[in-house]
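Sharing a structure here in structure tokens format.
The values are calculated or read from the model by the stated rules, or taken from the named source; none is laboratory data. Please read all numbers here as calculations on a predicted model, not as lab measurements. Every residue, glycine as well, gets a Cβ built from its backbone with ideal geometry; the counts of neighbours run over all protein chains shown.
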Amino acid sequence: MSKKYRPFRKFLPLFMIMVAAVALMGTSYALLRTKEYGNAYIMEVGLLQITFEDSETNALNVENAYPMTDEEGLKSKDALEFTIVNTGEFESDYKVTIEETSTNPAFKDVIRYSVNKDDAGYGEVKLLSQDNIISEGNLGVKGKANFKVKVWLAENAGNEYMNKVFTSRVNVGSKQVTGE
């Protein structure tokens, strides 16, 4: 090797250490760890563990849908199922919301949804533009809540929503309750 490339050899170990440090920081995002077990997608955020059953993401999607009545939407077999478990040592308040990620057109005025919490049956049908809160409440230590969410296109949706894809994600926020 020629002498003009030898100074680079002195910096090669330092360069490799910097690359390794950047790679380590990028892959060890401490607040959000994900694991895959079979068909479940598990996320641990702070005190809560969220498990999405039979889904690789926390996405709620409507593809190639046609407008339907609330009765038809509730009879649909498609639902996003997930469980929230408090893995901390204190009880935790939580709030589960839907955030639309679609870009064109805006679907909020024509997306209807309903939630079944802990197999108590599907509750009130909601319009996404009026209420994006799936559930909020409190989980005791080791407490858990199971959810099934169905979404559909409202029967008054116009042609501009046909052959489009509605995408959204489920967000789970929590706050530790320390009993102060």
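Search the stretch 55-78 for residues being closer than 18 Å to K108 by Cβ and at pLDDT 90 or above, and hand back the single one that is surrounded by the fewest Cβ atoms within 10 Å (Cβ to Cβ). I'd like the intermediate steps shown before the answer.
The initial filter retains those residues of the stretch 55-78 that are closer than 18 Å to K108 by Cβ, namely 59-63, 65, 67-68, 70, 73.
If we keep only those that are at pLDDT 90 or above too, we end up with 67-68, 70, 73.
Details: P67: 18, M68: 17, D70: 14, G73: 22.
By that ranking, first place goes to D70.
Considering every residue within the stretch 95-106, establish whether at least one is of a type outside the set (V, I, T) and modelled with pLDDT of 90 or more.
yes
Taking the criterion of being assigned to a loop (DSSP other than H, G, I, E, B), free of Cβ contacts under 8 Å to residues at least 12 places away in the same chain and within 24 Å of S102 (Cβ to Cβ), would at least one residue in the stretch 127-148 satisfy it? Even if it seems obvious, please write down each step before you answer.
Of the residues in the stretch 127-148, the ones assigned to a loop (DSSP other than H, G, I, E, B) are 128-132, 140-143.
The next check asks that each one be free of Cβ contacts under 8 Å to residues at least 12 places away in the same chain; those that pass are 130-131.
Still in the running and within 24 Å of S102 (Cβ to Cβ): 130-131.
Yes: one or more hits.
Being part of a strand (DSSP E or B) and crowded, with 17+ Cβ neighbours inside 10 Å is the filter here; which residues of the stretch 92-121 pass it? Spell out how you get there, then give the answer.
Here is the first cut: in the stretch 92-121, the residues part of a strand (DSSP E or B) are 92-100, 111-117.
Passing the criteria: S92, Y94, V96, I98, E100, I111, R112, Y113, S114, V115, N116, K117.
Restricting to the stretch 149-167, what's the tally of residues that are modelled with pLDDT of 90 or more, in a loop (DSSP other than H, G, I, E, B) and charged (D, E, K, R)?
Looking only at that region, the number is 1.
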